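The values are calculated or read from the model by the stated rules, or taken from the named source; none is laboratory data. Because the structure is predicted, anything quoted here is derived from the model rather than measured. Neighbour counts run over all protein chains shown; Cβ positions are idealised from the backbone, glycine included. To get the accessible areas, we keep the full protein, side chains included, count just its heavy atoms, and leave off ligands, DNA and RNA. Shrake-Rupley method; radii C 1.70, N 1.55, O 1.52, S 1.80 Å.
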Amino acid sequence: MSTCRLCHQMSSALESAVFSERFSFGIVSIDRKLQRVIMSGAIKKATGLTGLHVAKNPHHTLTALYNKILRAVAKMPQDAAYRRYTEQIVSERAKVVATTPSVREVEDKINCGQVEELILQAENELTLARKMLGWKPWEPLVKQAPATQWSWPPAKIHELK
């Protein structure tokens with residue numbers, strides 16, 4: 001992409017930027033805070049989803065959340081199904097975030113919504129992982145479940161005598 005074309009794409013972003021620490025990018029001097037935006041070629045102004053604001057630093061946020069989730073599930077037994085599957089999914093997503101500099105590419109590779117939605121999903125997963133540590137679903141039941149627990153509809157269940 002030519003420098004002039006890049007300047008044209010960035011003009012609206014540069015108009016409102018605070019020029020604190022400047023550095024040179026070709027013939028254009030730009031704000032260090034806009035470096036990530038300029039490299040991707042676009043500024044995301046809205047998510048298009050009510051109540052969901054644009055993430056300021058999605059790579060950092062996702063990395064922190066994924067690391068917290070992995071630390072939480074590491075406290076569970078190795079053979080716990082929740083741990084195995086959650087570790088697998090979160091590790092794959094963390095690898096994508098670490099190896100992909102573009103937010104759009106992260107969204108495309110993970111394929112579960114916008115990066116802001118990924119952050120929300122990670123926050124919810126972290127909450128669930130912490131609750132699972134308290135619930136301990138991998139431990140045996142306190143008492144045996146009734147034989148008709150999963151029978152449906154309940155009107156047709158006849159108690160065993």
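Numbers below:
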| read-out | value |
| --- | --- |
| Protection-proxy order for peptides 74-82, 99-107, each taking the mean of Cβ atoms within 10 Å per residue, highest first | 99-107, 74-82 |
| Surface accessible to a 1.4 Å probe, per residue, for the residues of segment 62-114, Å² | 60 Å² |
| Set Lys44/Lys75; Lys56/Lys136; Lys75/Lys95; Lys44/Lys131; Lys56/Lys95 screened for pairs whose C-alpha atoms are more than 32 Å apart | Lys44/Lys75; Lys56/Lys136; Lys44/Lys131 |
| Compactness index (Cα Rg / 2.2 N^0.38 Å), segment 44-161 | 1.46 |
| Peptides ranked, highest mean first, by Cβ atoms within 10 Å: ranges 83-94, 115-126 | 115-126, 83-94 |
